[in-house]
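J.: Let me begin by handing over the structure; questions about it come next.
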Amino acid sequence: MTMVIKPQYMNIQNGYPVVIDGEKVKFEGGELVLDDKQDKDKIEYLRKNKYLGIHFFEDIVDNAKLPTEPKQKVKV
């Protein structure tokens, strides 16, 4: 599953069309692993998404139990 956070769009610069890339997140193997510090905007978007709990679920990893992997998993 792939979710579009910001869509790709076309912009005119100096009279020429320029494609401005969007932003996507891709679930691979049914999981999406995000870093708390680097991916705050993606995590916030997914938590506010109306399909959270319907099409995908959040699995919060406790840092006290797994000190080597401070990431959050989102499952499809």
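The numbers here are math on the coordinates, done by the rules we state, and not lab data. What you are looking at is a predicted structure, and each value in this text was computed from that prediction instead of being measured.
J.: Any aspartates and glutamates with Cα under 20 Å of the Lys50 Cα? List them, leaving off those in the same chain fewer than 8 positions away.
T.: Qualifying aspartates and glutamates at Cα under 20 Å: Glu23, Glu31, Asp39, Asp41, Glu58, Asp59.
J.: Which whole-Hz ³J(HN,Hα) couplings does segment 29-36 yield from phi under the Karplus relation 6.51 cos²θ - 1.76 cosθ + 1.60, θ = phi - 60°, glycine and proline marked x?
T.: Once rounded to whole Hz, the list reads x, x, 10, 10, 9, 10, 8, 4.
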